[in-house]
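The values are calculated or read from the model by the stated rules, or taken from the named source; none is laboratory data. Just so it is clear, the structure is predicted and the values come from calculations on it, not from any experiment. Using ideal geometry, Cβ is built from the backbone for each residue, glycine included, and neighbour counts are taken over all protein chains shown.
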Amino acid sequence: MGAMASMRTRPDEGLREKQRRTTAAAISEAAHKLISERSYEEVTIEDIAQEVGMSSRTFFRYYSSKEDVILIGYEEHQQKLLDALDERPIDEDITDAVRNALLAFSVGHERDRAALRKKFIIFRDNPSMAKVFIGRQWTWERLFVDRIGERMGVDPNTDMRPAVIAGAAMAAWRAAIRSWIFQKNGPPELVTHTARALDALSESFRSRAG
């Protein structure tokens, strides 16, 4: 009986979650629209709530702050990259593992291009938001460093290699993102830009070694 009751509630729970995601997306879209028309500093939570026809109190059921509206999905995306690294063979060379993880993570983002471009412009043009974004990037990159250290069997606090590898790889990936979202005539696939950025990184080190 309990199992049957549980089965009956699942469709409703799925519908509620779908409605929640739809509302959260509408709030995020409204925030991006208002910020593009004004600036990040000028737009308030009250403005965003009013744009979607809700109260500020209701807004906080979906987001804890204005920053979270802009950074929606960021942590989820970063976790996917960590998962991609975990999926690489444990005996794979660490630089190859990081490269292949970044390439795997970069597949299938074509529909995100316009939204990411809007976010990047907000980060670029609004110092306070850029500060928040950089802070979250630093926190996440630290997790990436630790994960690389685990694969290498070293302590990142005393061995600088994990931090160097992570920092170089993420710098290349950020360059790929910028190239992808701003090059009007460039390849439409993020993975192509990521491969080119990582190739440029490898070639730069090889040329210095030579």
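Points to keep in mind about this one:
- Among the residues listed as E46, E92, E75, the single one being outside any helix (DSSP H, G or I) and of a type outside the set (V, I, T): E92
- For first residues located in the stretch 54-66 and over 12 Å from A30 (Cβ atoms), partners that are outside any loop (DSSP other than H, G, I, E, B) and charged (D, E, K, R) and lie 6+ apart or on another chain with Cβ distances below 6 Å form the pairs S56/E46.
- Members of the stretch 148-179 that are within 20 Å of L190 (Cβ to Cβ) and among the charged types (D, E, K, R): R174, R178
- Qualifying residue in the stretch 34-55 (condition: out of contact with any strand residue (DSSP E or B) (no Cβ under 6 Å at 6 or more places or on another chain), modelled with pLDDT of 95 or more, surrounded by 18 or more Cβ atoms within 10 Å (Cβ to Cβ) and not assigned by TED's automatic domain parsing to the domain that holds T194): yes
- Only residues that are surrounded by fewer than 17 Cβ atoms within 10 Å (Cβ to Cβ) and in a helix (DSSP H, G or I) were counted in the stretch 56-66, giving 3.
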